[in-house]
Amino acid sequence: MSVRARRRIDGWGIAGWIFLILLLFFATLPMVWMLITSIKTQFAALQYPPEWFPRYPTIEQYVRLLSPQSEVGYVFLRYMLNSFWVSLASTVLGVLVAVPAAYAFSRFRFPGRNALFFSVLFRNMFPAVVFLMPLFIMMRAFGLVNTHASLIITYLTFGLPLSIWLLKGFYDNIPVELEQAARIDGCTRFQAFYLVVMPLSAPGIIATAIYAFITAWNEYVYALTFLNSEALLTLPVGLQRFFAEYATNWPGLMAASFIMSVPVVIMFLVLQKYFVRALTEGAVKA
Amino acid sequence: MRDVVKRYGAVTAVNHVSLTVADGEFVALVGPSGCGKTTSLNLIAGLIELTTGEIFIGERQVNDLDPKDRDIAMVFQNYALYPNKTVYQNLGFPLRMRRLGKAEIDSKVREAARLLDITHLLDRRPRELSGGQQQRVALGRALVRDPQVFLMDEPLSNLDAKLRVQMRAELKRFHQDLNATVVYVTHDQLEAMTMADRMAVMSGGDLQQYDTPERVFAEPANTFVAGFVGSPAMNLIEMRLGQENGRVTLGAEGWSLTLDDANARRVAAASGPGIVLGARHSSMELHAEPGPDLVPGRVYTVEPTGDLTYAHVYLGQAVVVVSVDPQLRLGADQPVWIGFDQNRLHFFDAATQQRL
């Protein structure tokens, strides 16, 4: 028997590859350009034609941004801290709400269950900006304008629908017999949940948490609208200020942008296997 | 279980069921899907709440106890092994939850593993095991605890046919060796027949009959039990009481059967003229020639199974299944004559469906 090991390469295959490479090029070039520019001197950044490989690479901008003593660094680190706080708080609160909610939707039959579940998703049918003014007016009524709380609450409500939906899929796939077995084996209902179900749904929880965190981390419009004190700004809005005030300092701006994307990238790299599992497992796990 | 009722809204899943399981007894709850058997088991386990009634385990009334406090162990149809734990951790989990010492857990886990011949699997995770091995682990997780009652919910139905027969024998043997009290749910009447000391046949939430397999088989309480227990199913034919030459007969369209004195007395208790005649394939005989007391029929189809051949025969409008010698050559539409063994016939009141 002869085995034909060589894969056939046909026209469609080549076209597919070209398409993918082009796509990759468009996706990565801005990132690469950002990185290159960030290590250039200010003078080199404005040169034409541009240098692909800076002749005098420097980490001066990074040092400046990350040292609390420098004027720029002080402001930048403050933005970053704000972003971390707002994103983390809305993520943690989101998980704390989404986990029991998703579990309840998955396990319990109660009157109005479906209506409630779809009303949770209803929010996602509208673009986020639609709620900008109503939410602003509400926040003003509650005296929350220009506080981090306003953003945390907003991000929490925006992240919840998808978190609940995603987690419910997870819980649906965990056989209810596992909890029953646990309860017979000596667990209370709550122990059965956190000793047996929670560990099994950890990938889902992690995935939803990442999603919520990244969404909050990158959010711009609401942060711009709700906050006005310099000291409270989050990174996306802060970077916008950089544009205005430091427009000539391209390497500085690029370095700041790069630093901002680092946490997201790291999170994704470390946890991407959970993320992929979470998104696929909901659909096909036996 | 005393007068237990479970209702879901307007649906009654378990309807005033009472049954007692003796210590060391193997009881099978059997019936078609939706008959209330699994609901009954979950009620005993405490996984769902009673609507009314009482459940006792030993001397204790357990109505309001959590499953964990009922001193029971359960084996599930899908085994419900903890997928992120090793076999060892699965077996040890019920002991750990009861705060036993490490050494004690270890010795009990190893003892159960040895008993079930799964010692070499202790470090594996459930997904690395075959169906039969998972089954053993599930059983082991129940065994380690030495509970008052073992509850088993269709534990063999996910196994292939050959393994199922083997595990059936093993389970029965375990029950005898451990002298354990077992409540076993199955839809397979054969499993119930082969394993149980007593079987509780359920249908539509009602307990139809609760007795030893022999008695359930020999004296089914009603037409449901008669049709459910035994394979192939008992032939049930709607007939009417009549008289012929001073003797009691049962008549159907195109044929009739003269009853002997003993049977005549039995059917006399019927509330009306409608009688359901029950006859197993083995209590009828097929003849190629006419004779006295034989009923003429016509072969519909023939099913050879190796040891026995089942002939489906038209008697008037009714089709009955008769077991015949596999040597016998029968063709479709061939005229045949059926003899009934009067000592092994069943009669049911057509109005109440109850045994006469």
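The values are calculated or read from the model by the stated rules, or taken from the named source; none is laboratory data. As the structure is a computational prediction, the values presented were derived from the model and not from experiment. Every residue, glycine as well, gets a Cβ built from its backbone with ideal geometry; the counts of neighbours run over all protein chains shown.
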(request) Confirm whether residue B:143 is out of contact with any helix residue (DSSP H, G or I) (no Cβ under 6 Å at 6 or more places or on another chain), under 27 Å from residue B:58 (Cα atoms) and either away from every other protein chain (no Cβ under 12 Å) or modelled with pLDDT of 90 or more (or both). (result) no
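Here is a yes/no grid of residues against (1) closer than 25 Å to residue B:109 by Cβ; (2) in a helix (DSSP H, G or I); (3) of a type in the set (S, T, N, Q):
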| position | (1), (2), (3) |
| --- | --- |
| B:136 | yes, yes, no |
| B:152 | yes, no, no |
| B:158 | yes, no, yes |
| B:162 | no, yes, no |
| B:166 | yes, yes, yes |
| B:177 | yes, yes, no |
| B:184 | yes, no, no |
| B:191 | no, yes, no |
| B:194 | no, yes, yes |
(message) For the condition among the small types (Gly, Ala, Ser) and part of a helix (DSSP H, G or I), what is the one hit in B:113, B:73?
(response) B:113
(message) Can you tell me which of (1) part of a helix (DSSP H, G or I); (2) surrounded by 12 or more Cβ atoms within 10 Å (Cβ to Cβ); (3) not charged (D, E, K, R) is the one residue B:242 doesn't meet?
(response) (1)
(request) Only residues in region B:76-89 that are more than 9 Å from every other protein chain (Cβ to nearest Cβ) count as the first member; pair them with residues that are acidic (Asp, Glu) and in a loop (DSSP other than H, G, I, E, B), Cβ under 9 angstrom, at least 6 apart or cross-chain, and list the lot. (result) B:86/B:123; B:87/B:123; B:88/B:123
(request) Residue by residue through region B:196-217, note down the ones that are buried (at least 16 other Cβ atoms within 10 Å of the Cβ), in contact with a strand residue (DSSP E or B) (Cβ under 6 Å, 6 or more places away or on another chain) and not in a strand (DSSP E or B). (result) B:196, B:205, B:213, B:216
(request) Could you run through region B:98-130 and say how many residues are surrounded by 14 or more Cβ atoms within 10 Å (Cβ to Cβ), within 14 Å of chain A (Cβ to nearest Cβ) and under 34 Å from the mean Cα position of the chain (by Cα)? (result) 5
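Let me confirm something: among B:290, B:273, which residue is touching a Lys or Arg at 6+ places or on another chain (Cβ under 6 Å), within 25 Å of residue B:247 (Cα to Cα), in contact (Cβ under 8 Å) with a residue 24 or more places away in the chain and of a type outside the set (S, T, N, Q)?
Values: B:290 fails: touching a Lys or Arg at 6+ places or on another chain (Cβ under 6 Å).
One residue alone meets the criteria, B:273.
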(message) Looking only at residues that are within 13 Å of chain B (Cβ to nearest Cβ), within 30 Å of residue A:154 (Cα to Cα) and assigned to a helix (DSSP H, G or I) in region A:195-228, which one is nearest to the chain's Cα centre (by Cα)?
(response) A:203
(message) Can you tell me which of (1) in a helix (DSSP H, G or I); (2) under 25 Å from residue A:64 (Cα atoms); (3) modelled with pLDDT under 85 is the one residue A:247 doesn't meet?
(response) (1)
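Kindly check whether there is at least one residue in region B:49-58 that is at the interface with chain A (Cβ under 8 Å from one of its Cβ atoms) and out of contact with any Phe, Trp or Tyr (no Cβ under 6 Å at 6 or more places or on another chain). Steps first, answer last, please.
Within region B:49-58, the subset at the interface with chain A (Cβ under 8 Å from one of its Cβ atoms) is none.
Scanning region B:49-58, I find no residue that is at the interface with chain A (Cβ under 8 Å from one of its Cβ atoms) and out of contact with any Phe, Trp or Tyr (no Cβ under 6 Å at 6 or more places or on another chain), so the answer is no.
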(message) Every residue in region B:317-329 that is buried (at least 17 other Cβ atoms within 10 Å of the Cβ), more than 25 Å from the chain's Cα centre (by Cα) and either among the β-branched types (Val, Ile, Thr) or over 19 Å from residue B:249 (Cα atoms) (or both), please.
(response) B:324
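Of all residues in region A:159-194, which are among the small types (Gly, Ala, Ser), assigned to a helix (DSSP H, G or I), within 11 Å of another protein chain (Cβ to nearest Cβ) and out of contact with any strand residue (DSSP E or B) (no Cβ under 8 Å at 6 or more places or on another chain)? Break it down stepwise before answering.
As a first pass, look at region A:159-194 and keep what is among the small types (Gly, Ala, Ser): A:159, A:163, A:169, A:181-182, A:186, A:192.
Keeping just the survivors that are assigned to a helix (DSSP H, G or I) gives A:159, A:163, A:169, A:181-182, A:192.
Filter once more, so that each one left must be within 11 Å of another protein chain (Cβ to nearest Cβ): A:181-182, A:192.
Passing the criteria: A:182, A:192.
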(request) State all residues of region B:59-70 that are in contact with a Leu (Cβ under 9 Å, 6 or more places away or on another chain) and either facing chain A (nearest Cβ under 8 Å) or within 22 Å of residue B:107 (Cα to Cα) (or both); if no residue qualifies, say none. (result) B:67
